[in-house]
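The values are calculated or read from the model by the stated rules, or taken from the named source; none is laboratory data. Quick caveat, the model's predicted, so the values are computed rather than measured. In this analysis, Cβ positions are derived from the backbone assuming ideal geometry, glycine residues included, and neighbour counts consider all displayed protein chains. Remember, those area values only see protein heavy atoms, side chains included, never the ligands or the DNA or RNA. Shrake-Rupley method; radii C 1.70, N 1.55, O 1.52, S 1.80 Å.
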Amino acid sequence: MTTTTEAPLREPEVVTTEWRPRIVAFLCNWCSYTGADLAGISRIQWDPSVSIVRVMCSGRMDPTFVAKAFSMGADGVIISGCHPGDCHYQEGNYKTLRRVHLLQRLIAGFGIDPERLKLVWVSASEGDEWAATANEMAAKIRDLGPLEVRR
Amino acid sequence: MADNGEPRVGVYVCHCGFNIAATVDVEAVRDEAATRPNVVVARDYQFMCSNAGQDLIKQDIDELGVNRVVVAACSPLMHEPTFRAAAEEADLNPYLVQIANIREQCAWVHDDRQAATLKAESLVNGAAARVALHEPLDPMYAEMNPATLVVGGGIAGIQAALSISDAGNDVYLVERKSTIGGMMAKFDKTFPTLDCAACILTPKMVSADRRDNLHLMTMCEVESVEGFVGNFTVKVRQKARFVTDACTSCGECLNVCPVNVPDPFNEYVSTRHAIHKAFPQAIPSTYVIEKQGSPPCMEACPIHQNAAGYVALIADGRFEEAAKLIRKRNPLPFVCGRVCYHPCETACSRGKVDDPVAIRGLKRLAMDWERENVADPEPPPAKHDYTEKVAVIGSGPAGLTCAFDLAQEGYQVTVFERHHKLGGMLAVGLPDYRCPPEIVERDLDYIRKTGVEFQTEVELGKDFKLADLLGNEPGFGFGAVFMALGAHRGLPLRVPGEDAEGVILGIDYLREINLGRPQPTGKKVAVIGGGNTAMDVARTARRQGAEVAILYRRTADEMPADLEEVEGAIAEGVKFDYLVSPLEVVLENGRVTGLKCITNELGEPDESGRARPVPIAGSEHVRKFDMVIPSVSQQPFRTWYKGGIPEKGQIGFTKWDTLIVEPDSLQTGVPGVFGGGDVVLGPASIVEAMGQGRRAAEAIDKYLQGKPLEDFTTHVAPPDPVRGFVKAPYEHGPTYDQIEKMPRARLEARDPRARLADYETVDFGLTEEQGIREASRCLHCGVCVECQSCQNICPPDAVRLDMKDEIVELEVGQILVATGFKSFDATRMTPYGYGRYDNVITSAEFERMLNSTGPTGGQILCKNGKPPRSVAIVHCVGSRDENYNRYCSRVCCMAALKFAHLVKDRTDAELYEFYIDMRAFGKGYEEFYLRVLDEGANVIRGKVVEVTPAKDHNGDGGHLMVRAEDTLIGRFREIPVDMVVLMGAIEPQPDADKVGRVFSLSRSPDGFFLERHPKLDPIGTTTDGVYVAGCAQGPKDIPDTVAQAQAAAADILGMIAKGEVIIEPVRATVQEHLCGGCKTCLSLCPYTAITFAEDGNNAVVNQALCKGCGTCVAACPAAAITGAGFTDEQILAELDGILSPLAQEVAT
């Protein structure tokens, strides 16, 4: 039932050869993360290729996080914050909005389709909205295929 | 085991029963984690949150030297505190724990076990990588302010406020209405016990009023909240109540208020006065005046005359009071009742229905009534007894108003007039038929009673100089001067021949006639111009026996004269020639024989917006006249001015010779010398001149009292007087298109032929009956009409009509939001006919009907006043309906059964309940349902399709047919009834959105405020220190509301008892040696927590103000700012962990 590092590694049961898209989503703690939790509590299904990283505010989004995500192997990045006017920190989401517009142009310059970076507003009550966002992004990334540009 | 600082990570994967384990292969996750760097132990367990689960962690910390912990379980919003506490118990810093959320964001949302497992592994890898870089953090503590804010004065707010204050804490109970009590105060009985709502509520209300530490703040709304749990700063708008707490609730004011408006407390079924108390047991018991802005007529008036007030008094037949009210702000009421250009009528909202109220005619009626019925009206005594003297030059409307106001203030005022008749333009400019001398005299009499002295036939520049007035020679020695010289210099046409005999300027012509001097008039007179002066000249010349033509260069549409003056002129036989400009006065032997003119056409608009007249080449022609009277415009004379007063200053003039004055104070370049009226405005109207006289009086008072010339309070009419009140005269009032049209009273005019024989008034005033009817056309814009009746009668003098909103700042530690609900608007559900059929009513209206203080005194009556023979009660109106609200409003079934019981109790009516499902879920509810069934209520399971009017065999109207499917017998049914009660849904307040933002609350999809957890924390919110209770959080009945309020109070009291709050140490800090001093971060911080240290040339974060959002961290170009708990390194490590290939992928 328990194991420590000394225990032998299990043989992998499944070997996936199929491409597994990797999407990281940076969600603000107050609206979007809670919204995603609500999707969970409500058992609204969304695509498992999306993994969530929690930040306190979408305003915490350092542009390098996006660049690093792509260079570390992400095929897509979602940033989600509170709706304009609802920011827990008053206006952090507006700061993000500005940065994302700039970033999208920047990544395009590096040959990355700007659609691989998506900014959305999801409130704490919009579990369904979060699920739809994750699913749309996953579908989009599957269409676009693996990100070929790597450093 | 010794901790040498190297990270030793323990990973604990929770099964959460089947919750996680059913979808995620927890053993695989455990095994994957075991392969990660720094991971020294990985375990899985059924319930990590159990004591046994927590003990696993503690044990490993103790025995294996684990110094970083990853728990892969539910959301950190659930159990992060649990696991942090466990770590702390094992002497590990709680911030060295990281949660991987593999339940809400993995197991519960993915059905593919393989994919879910892989993702869970990634998430755990991310958490393990991240936690290795965690630093121990010390939580911050802040003092808990025990004062609490409760928002909403319904039963939830009252209950919580009582509980919290019981424990000895200060509570601020903020309610936006004039009384606490909320919705419950409107109910008659409560289900299922049939307790009288008032009997159980009012003791609580009274108790709330009596506590020293419970601060009732009615008519208040929270504007903003700043700070954090323990220390909030709240700004509250205290709306003006207009009645002070000196009010004894005697109700005398109710007898005098002339305004009646639909009463919101009675669901607009009955009416109440503008001054009112919501219901007899209202707390506080202080009355309140409802004012929704200011009446537009009053706002449009340059002297702020309370037109709506005297109109309302006239409608009530109270002429004497009306006249008194008029006189309060108008020193020339008789004049204004006849010749004011009435901007009030232009602004009047009644004009949006049909025609404006004849306000001027009503003023004339009130004043004429006073003349006939009040022997000798006396002005009020002067406020002060000053010795300072003020000189007013000119006795026109501006001068008289200024003199009157200053005399009432207590100054010694002398008015200098160059003519022998007083009144300025009123005497020498306006013909007697418009402004009869005895009328002017009547106003002057009243002004004289205030002690104003008049000196006639003394002229500035001739008999005395400006410097004399301010000098100390006998007869002078004035402290201030008001220059109200008027604009008496007519402007010539600037055409050849104008100097000839037979050409006289309009203003001169009128003056000569008015002063009774010999003034010949020709037989065929041309009057040039289209303003009121031109009309006055033309109609005067007609009375002198001449044939008169008005020549105007544009068309009738552009003519600036008042319509009634134009109509009067036409009736009196004045001819109008439009689109004509004079070119030259044709002379023969030095005498006028004609006027050479040119025809115009209308061109592009000029700067005044009127079409420019463009001469048509070759259209020159000569018209025969023997007299020409140019009446185009006027300017002030400036011949009196021989330079200023050397040691004091100079008076400036514009190019039109008007005085240059300070816009607010009206002071000229010479201190103590003020100017106003036409000499400043150019030729303007009487009431505009009066407005300036009033402002000058205020300025002169300030000047003489040595106060700065600022903060003026006298009214300035807005340039565009028609404002606000777009759709209806007041909120909840009928809209303009719903108001029945009613023709405006026309003043009877004398026969035009008779008029030409004398200079008597052209029209008769309104009769009292006409006046009362006309005044009743007033819509009472903004509810209170400011008639001041209540102020005059109030025994304890508690009415303050000039009260203003105030902003109050409160310091509180915690906030409870209990802002309640709104009832469904039944007009949205058109098939049920609410708003179209009289006897279809809402549950809220029925509650009031049942209440002994309601509109029917508790009797159940149809609109025709008869009790109903049958009543249908329709459940789920707007609830459980895809088109409106999907949720169940929870209280309607029981309320409907309560209604059924009361209908059975109070009438002999048959009763039908149409329900979808009967929800009798609470204690004693099912029993109550059975009791009502026993009482003979017919219950029909099925949704009502529609309500239609039905043929009534008894011949009285209002019979209705309810159509519904009876799903129990599988048949369509039609049931005739006299009354239908619609059980409307409970909906979020219409401004819940705004309130949510103020308090940083989220809302669930139904629009109600979102609780922190639907089961375990139904009162907390995502904002620490802010709680919700009652229907603001979701529909609920009174017992549930009270329970939730009590629960919130218990939480709040628990926090107060702790005395301090823990604040997450998630804060930004600047590493000073890295900061380049670019100041980028300074403007980003919404809390101004970042300042710039000039000495070190670096930014500094104030830890007390920082809330840890990390916006500055992200923006710092030098990466000099770190955000504790969310450093760049930690976030990137998590990212790397999530994205790095899994062991099994590497293996392939």
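Observations on the structure shown:
- Residue count for region A:68-77 under the criterion of being more than 7 Å from every other protein chain (Cβ to nearest Cβ), hydrophobic (A, V, I, L, M, F, W, C) and surrounded by 24 or more Cβ atoms within 10 Å (Cβ to Cβ): the result is 1.
- Screening B:D711, B:D737, B:D678, B:D751 for residues that are in the same structural domain as B:L406 (by TED's automatic domain parsing) and of a type in the set (D, E) leaves exactly one candidate, B:D678.
- Looking across B:T1022, B:T1041, one residue alone is touching a helix residue (DSSP H, G or I) at 6+ places or on another chain (Cβ under 7 Å), surrounded by 15 or more Cβ atoms within 10 Å (Cβ to Cβ), of a type outside the set (A, V, I, L, M, F, W, C) and within 11 Å of chain A (Cβ to nearest Cβ). It is B:T1022.
Residues checked against (1) at pLDDT 95 or above; (2) part of a strand (DSSP E or B); (3) among the polar types (S, T, N, Q):
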position: A:R10; (1), (2), (3): no, no, no
position: A:A25; (1), (2), (3): yes, yes, no
position: A:D37; (1), (2), (3): no, no, no
position: A:D47; (1), (2), (3): yes, no, no
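- Scoring B:I1138 on the criteria (1) open to solvent by 60 Å² or more (accessible area, probe 1.4 Å); (2) within 11 Å of chain A (Cβ to nearest Cβ) leaves a single failure, condition (1).
- Test for B:P683: is it in contact (Cβ under 8 Å) with a residue 40 or more places away in the chain, open to solvent by less than 60 Å² (accessible area, probe 1.4 Å), assigned to a loop (DSSP other than H, G, I, E, B) and closer than 29 Å to B:G486 by Cβ: no
- Hey, B:A42 within 10 Å of chain A (Cβ to nearest Cβ), in contact (Cβ under 8 Å) with a residue 60 or more places away in the chain and either of a type outside the set (K, R) or surrounded by fewer than 22 Cβ atoms within 10 Å (Cβ to Cβ) (or both) or not: no
- Filtered residues of region A:19-37 (kept if more than 8 Å from chain B (Cβ to nearest Cβ) and either among the aliphatic types (A, V, I, L, M) or touching a residue at least 60 places away in the same chain (Cβ under 8 Å) (or both)): A:W19, A:P21, A:I23, A:A25, A:L27, A:C28, A:S32, A:G35
- Some residue of region B:78-89 being open to solvent by 10 Å² or more (accessible area, probe 1.4 Å), β-branched (V, I, T) and touching a strand residue (DSSP E or B) at 6+ places or on another chain (Cβ under 6 Å): no
- Only listed residue being in contact with a Gly (Cβ under 9 Å, 6 or more places away or on another chain), open to solvent by less than 60 Å² (accessible area, probe 1.4 Å) and in a loop (DSSP other than H, G, I, E, B), chosen from B:L779, B:L709: B:L779
- Residue within region B:54-75 that is within 57 Å of the chain's Cα centre (by Cα) and at the interface with another protein chain (Cβ under 10 Å from one of its Cβ atoms) present: yes
Residue by residue, here is whether (1) more than 23 Å from A:L38 (Cα to Cα); (2) aliphatic (A, V, I, L, M) holds:
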site	(1), (2)
B:L56	yes, yes
B:V66	yes, yes
B:C74	no, no
B:A85	yes, yes
B:E89	yes, no
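- Residue selected from region B:999-1009 under the condition touching a strand residue (DSSP E or B) at 6+ places or on another chain (Cβ under 6 Å) and at pLDDT 90 or above, by the criterion surrounded by the fewest Cβ atoms within 10 Å (Cβ to Cβ): B:G1007
For every residue, the table says whether it meets (1) within 25 Å of A:T34 (Cβ to Cβ); (2) open to solvent by less than 20 Å² (accessible area, probe 1.4 Å); (3) out of contact with any Pro (no Cβ under 8 Å at 6 or more places or on another chain); (4) among the aliphatic types (A, V, I, L, M).
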{"residue": "B:D991", "(1), (2), (3), (4)": "yes, no, yes, no"}
{"residue": "B:R997", "(1), (2), (3), (4)": "yes, no, yes, no"}
{"residue": "B:C1031", "(1), (2), (3), (4)": "yes, yes, yes, no"}
{"residue": "B:G1059", "(1), (2), (3), (4)": "no, no, yes, no"}
{"residue": "B:C1081", "(1), (2), (3), (4)": "no, yes, yes, no"}
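- Scanning region B:983-1013 for residues that are part of a loop (DSSP other than H, G, I, E, B) and more than 12 Å from chain A (Cβ to nearest Cβ) turns up B:A985, B:Q989, B:P990, B:D991.
- Residues in region A:45-67 that are more than 15 Å from A:V122 (Cα to Cα) and touching a residue at least 60 places away in the same chain (Cβ under 8 Å) were compared, and the one that is nearest to the other protein chains (Cβ to nearest Cβ) is A:Q45.
- Filter result for B:V981 (without any contact (Cβ under 8 Å) to a residue 40 or more places away in the chain and hydrophobic (A, V, I, L, M, F, W, C)): no
- B:P1117 meets the conditions (1) within 14 Å of chain A (Cβ to nearest Cβ); (2) of a type outside the set (G, A, S); (3) surrounded by 15 or more Cβ atoms within 10 Å (Cβ to Cβ) in every case but one. The failed one is (3).
- In region B:53-67, the count of residues that are touching a Ser or Thr at 6+ places or on another chain (Cβ under 6 Å), assigned by TED's automatic domain parsing to the domain that holds B:C106 and touching a residue at least 40 places away in the same chain (Cβ under 8 Å) is zero.
- Any pair with Cβ under 8 angstrom, 6 or more apart, that starts in region B:91-117 at a residue that is touching a residue at least 60 places away in the same chain (Cβ under 8 Å) and facing another protein chain (nearest Cβ under 7 Å) and ends at one that is open to solvent by less than 10 Å² (accessible area, probe 1.4 Å) and assigned to a strand (DSSP E or B): B:R103/B:C14; B:R103/B:A73
- Members of region B:333-385 found to be within 23 Å of B:P302 (Cβ to Cβ) and among the aliphatic types (A, V, I, L, M), listed by number: B:V335, B:V339, B:A347, B:V357, B:A358, B:I359, B:L362, B:L365, B:A366, B:M367
- Test: residue in region B:660-678 that is closer than 24 Å to B:P636 by Cα, of a type in the set (F, W, Y) and crowded, with 21+ Cβ neighbours inside 10 Å: yes
- Candidate set: region B:4-39, residues that are within 22 Å of B:E1134 (Cβ to Cβ) and open to solvent by 40 Å² or more (accessible area, probe 1.4 Å); chosen: the one farthest from the other protein chains (Cβ to nearest Cβ): B:G5
A quick yes/no check of all residues on (1) assigned to a helix (DSSP H, G or I); (2) under 16 Å from the mean Cα position of the chain (by Cα); (3) without any contact (Cβ under 8 Å) to a residue 40 or more places away in the chain:
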position	(1), (2), (3)
A:Y89	no, no, yes
A:Y94	yes, no, yes
A:L97	yes, yes, yes
A:L106	yes, no, no
A:L119	no, yes, no
A:A131	yes, yes, no
A:E136	yes, yes, yes
A:K140	yes, yes, no
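- Hey, A:R116 over 14 Å from A:S32 (Cα atoms), open to solvent by less than 50 Å² (accessible area, probe 1.4 Å) and charged (D, E, K, R) or not: yes
- Conditions (1) in contact (Cβ under 8 Å) with a residue 12 or more places away in the chain; (2) on the phi > 0 side of the Ramachandran plot; number of the one not met by B:G475: (1)
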